[in-house]
Amino acid sequence: LSFTVEKEKISALLLGIFGKMLLFPASVIGLSFLIPLSNDYLVVALVYATVPTAAGSYVIARITGGDAPLLSSMTMYQTLLSFFLFTVLSFWITMQGLT
């Protein structure tokens, strides 16, 4: 895993991080208002939405000729961000009384 990313690929890195770590959890919360879920299912969906990209995706990108260095950096940054998001998510779940 790597923290380095080429300057030309910063926008792709930020788009991947924004989409997976912010947009996906926000869409799960938004959809939870439209689709009635029990609290247990909502918590599972939110935890799933805030986990980082699978590290195995790096291997697949490398084998298939994808941009493995970019995916390596994306996985690393998403993993670091997930520590913060899990803390915020845990606090939100507790405050909403979902547990």
(request) Go through segment 46-61 and give me each residue that's aromatic (Phe, Trp, Tyr) and open to solvent by less than 40 Å² (accessible area, probe 1.4 Å). (result) none
(request) Determine whether VAL28 is modelled with pLDDT under 85, open to solvent by less than 80 Å² (accessible area, probe 1.4 Å) and closer than 21 Å to THR75 by Cβ. (result) no
(message) On the basis of being under 27 Å from TRP92 (Cα atoms) and at pLDDT 90 or above, does LEU37 make the cut?
(response) no
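Results for (1) at negative phi; (2) in contact with a His (Cβ under 6 Å, 6 or more places away or on another chain); (3) in a helix (DSSP H, G or I); (4) modelled with pLDDT of 90 or more, shown as yes or no for each residue.
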residue	(1), (2), (3), (4)
VAL43	yes, no, yes, no
ALA54	yes, no, no, no
TYR58	yes, no, yes, no
ILE63	yes, no, yes, yes
SER72	yes, no, yes, no
GLN78	yes, no, yes, yes
LEU89	yes, no, yes, no
TRP92	yes, no, yes, no
MET95	yes, no, yes, no
(request) Would you tally the residues in segment 1-56 being under 19 Å from LEU85 (Cα atoms) and basic (Lys, Arg)? (result) 1
(request) Say whether the condition of being loosely packed, with under 11 Cβ neighbours inside 10 Å and of a type in the set (A, V, I, L, M) is met by at least one residue in segment 2-19. (result) no
(request) List the number of the failed condition for PRO25; all other conditions in (1) over 30 Å from GLN96 (Cα atoms); (2) part of a helix (DSSP H, G or I); (3) of a type outside the set (A, V, I, L, M) hold. (result) (1)
(message) Go through segment 43-76 and report how many residues are more than 23 Å from GLU8 (Cα to Cα) and free of Cβ contacts under 8 Å to residues at least 24 places away in the same chain.
(response) 5
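The values are calculated or read from the model by the stated rules, or taken from the named source; none is laboratory data. Here the structure is a predicted model, which means the values were calculated and not measured. No Cβ is skipped: glycine too gets one built from the backbone with ideal geometry, and neighbour counts run over all protein chains shown. For the accessible areas, the whole protein counts, side chains as well, though only heavy atoms, and no ligand, DNA or RNA atoms are used. Shrake-Rupley method; radii C 1.70, N 1.55, O 1.52, S 1.80 Å.
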